[in-house]
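> Take a look at the following structure, please.
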Amino acid sequence: MKEQLMARTFVELADSLVADFDLMDFLRLLTDRCVDLLDASAAGVLLADRDGVLRVMAASDERVRLLELFQLQNHEGPCLDCFHTGIAVSVHDLRDEAARWPLFTAQARRSGFTAVQALPMRLRDEVVGALNLFHTTPAPISPAAAPFAQALADVATISLLQQRTTERNTILNEQLQTALSSRVLIEQAKGKLAERRHTDMERAFTTLRAYARSHNRRLSDVARAFIDETEYLPGLSSRSS
């Protein structure tokens, strides 16, 4: 069963040359499948914007999103080191790295994570970001899982770079900038829906994403419509049509 999911994942991650390619949904698929296939407790993706500044673009849950933001705000952590060097970073037990990343290590352990694996998203000399796997138990990364994890990062990177070449006048950085704007919309929609339904942010995101997929719409478009209340969204909107 896991082998079938593995094969389907590679196909889905490679299939980026479509007219309605949704970068945010693509990156969330990547993090979710890392959790499903690699026995990671959670996963996140950092990508560089047009100025080379890392941004949190996707996370499998809210704990990771906040931890990734913490890394960026405090300028330390394995994911940043991975991006800047282009070399994978594996930490079997964060307690052993307290001197190296004191702020990150303390925050990660408060969030329940004890091991981290950061993988470069790179093609040749071009590093566009990092795929980060988090674990709740200290243990060596499986030798069998490590190359597969890097393969997922590689195929996702190739897909992102393919998007850059579909139109010569459109570069990846512009797509990422658009995705950053989409991320803001999605976060606002998550907060609004979570408050309205008295639920947590992760469940709110799952609801928004399920609605977008079931109605064959871009997640950012659904988020904008929900925030602006410009249309009735069955199951989401509070007003009736």
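> Using a Förster distance of 30 Å, how high is the FRET efficiency between Glu229 and Asp51, based on the Cβ-Cβ distance and rounded to 0.05?
In this case the efficiency is close to 0.35.
> Counting trypsin sites (Lys or Arg not before Pro) as exposed when in a DSSP loop with at most 14 other beta carbons within 10 Å, what is the longest stretch of the chain free of them?
Here the longest run is 169-238.
> Could you compute the FRET efficiency for Val11 and Ala98, with r as their C-beta to C-beta distance and R0 at 41 Å, rounded to 0.05?
For Val11 and Ala98, the calculated efficiency is 0.50.
> Also: For labels at Thr178 and His75 in the simple 7 Å Cα→Cβ model, what's the distance in nm?
Roughly 3.3 nm, to one decimal.
> Just tell me the longest site-free run in the chain, where the sites are GluC sites (Glu not before Pro) in a DSSP loop having at most 15 other beta-carbon atoms within 10 Å.
Within the chain, the longest run free of exposed GluC sites (Glu not before Pro) spans 1-166.
> Right, another one. Evaluate the charge dipole of the chain about its Cα centre and quote only its size in Debye, nearest 20, assuming +1 on the Cβ of each Lys and Arg and -1 on the Cβ of each Asp and Glu.
The dipole of the chain has a size of about 420 debye.
> Go through segment 33-47 residue by residue and turn each phi into a ³J(HN,Hα) via Karplus (6.51, -1.76, 1.60, θ = phi - 60°); whole Hz please, and just put x for glycine and proline.
The phi angles translate into 5, 4, 5, 5, 9, 10, 6, 7, 6, 6, 8, x, 10, 10, 10 Hz.
> Label point 7 Å out from Lys2 along Cα-to-Cβ: which residues of segment 135-159 have amide N under 13 Å?
Backbone N within reach: 142-146, 148-149.
> How much length, in nm to one decimal, is gained on full extension between Leu161 and His215, taken as 0.36 nm per residue of separation minus their Cα-Cα distance?
16.7 nm
Every number here is computed from the coordinates shown, using simple stated rules; none is lab data. These figures come from a predicted structure and were not determined experimentally. Reconstructed Cβ throughout: ideal geometry from the backbone, glycine too, with neighbour counts over all protein chains shown.
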